[in-house]
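Chemist: Dropping the structure in here first, questions after.
What follows draws every value from the coordinates through simple rules; no lab data is involved. Not measured: the values here are computed from a predicted model. Neighbour counts run over all protein chains shown; Cβ positions are idealised from the backbone, glycine included.
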Amino acid sequence: MKVHPYLNFDGKAEEAFNFYKSVFGGEFVGGVSKMGDAPGIENLSDDEKNRILHITLRISDDLFLMASDIVPSMGHTLIEGNNNYISLHPTSKEEADRLFNGLSAEGTIEMPLEDTFWGAYYGSFKDRYGIYWMINFDYNNPCVEE
């Protein structure tokens, strides 16, 4: 089984994913689908027709980040909260620094990236789009090459 985080935005999915692409690299898989591409949406406003129906960013062979925008006229409401985090586990301290610094730009840092009692280099933050992230480089991970 693979698990892929799926994020919702209020009209900022495309902007957020272009930002995430600038940090992670990778490519959008299958293009970018807009609400206006779907059938039966004639009554949506131009703003809502231009919102993201679905977007996927391939971050690695095993991880895809996916998202869509909500559609307020269909009764959707976005509630930002700390009940979901995306936990990234880089294979080097340098990669942890790069990801943390890139993704937290203009965001709110909860815990600075630092060595922890559990043997990891860890930090957490909310990015500028309201998405919560954890960066955890585990010094004791046997999969990490020295």
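Chemist: With charges only on Cβ, +1 for K and R and -1 for D and E, what is the dipole size of the chain about its Cα centre, in debye, rounded to 20?
Modeler: Dipole magnitude for the chain comes out near 260 debye.
Chemist: Work out the charge dipole of the chain with +1 on the Cβ of Lys and Arg and -1 on the Cβ of Asp and Glu about the Cα centre, then indicate which of 43, 101, 131 is farthest towards its positive end.
Modeler: The residue sitting farthest along the positive end of the dipole is 43.
Chemist: Can you compute the charge dipole magnitude of the stretch 85-138 about its Cα centre, using +1 on each Lys and Arg Cβ and -1 on each Asp and Glu Cβ, nothing else charged? Give it in debye, rounded to the nearest 20.
Modeler: The calculated dipole for the stretch 85-138 is roughly 160 debye.
Chemist: Could you run the Karplus curve 6.51 cos²θ - 1.76 cosθ + 1.60 with θ = phi - 60° over the stretch 32-41 and give me ³J(HN,Hα) per residue in whole Hz, x for Gly and Pro?
Modeler: Couplings: 10, 9, 9, 4, x, 7, 7, x, x, 10 Hz.
Chemist: Let me ask something else about it. Amide H neighbours of residue 104 under 5 Å, counting only residues 5+ apart in sequence or on other chains, H built in-plane at 1.01 Å?
Modeler: Amide H neighbours of residue 104, under 5 Å, 5+ apart: none.
Chemist: Now for a separate question. What aspartates and glutamates sit close enough to residue 2 to cross-link, taking a C-alpha to C-alpha distance under 15 Å and skipping anything fewer than 8 places away on the same chain?
Modeler: Leaving aside aspartates and glutamates fewer than 8 places away in the same chain, those within reach of residue 2 are 61, 62.
Chemist: Pairs of alpha-carbon atoms within less than 8 angstrom and 6+ residues apart define the contacts here; what relative contact order does the chain have, in percent?
Modeler: Working: 259 pairs, mean separation 31.1, N = 146.
Once normalised by length, the contact order is 21 percent.
Chemist: Give the relative contact order (percent, whole number) for the stretch 6-72; include only Cα pairs under 8 Å separated by 6+ residues.
Modeler: It rounds to 44 percent for the stretch 6-72.
Chemist: Moving on to the next point. Quick one: divide the alpha-carbon radius of gyration of the chain by 2.2 N^0.38 Å and tell me what you get.
Modeler: For the chain, the normalised Cα radius of gyration comes out at 1.16.
Chemist: Set Lys and Arg Cβ to +1 and Asp and Glu Cβ to -1, take the dipole of the chain about its Cα centre, and tell me which of 75, 23, 112 lies farthest positive.
Modeler: Most positive-ward Cα: 75.
Chemist: Also, quick follow-up: Output the pairs from 49/126; 12/34; 21/49 with a Cα-Cα distance over 18 Å in this structure; if there are none, say none.
Modeler: In this structure, 49/126; 21/49 exceed 18 Å between Cα atoms.
Chemist: Also, I was wondering about something else. Could you give the dipole magnitude of the stretch 6-72 about its Cα centre, charging the beta-carbon of Lys and Arg +1 and that of Asp and Glu -1, in debye to the nearest 20?
Modeler: Using only the charged Cβ atoms, the result is roughly 120 debye.
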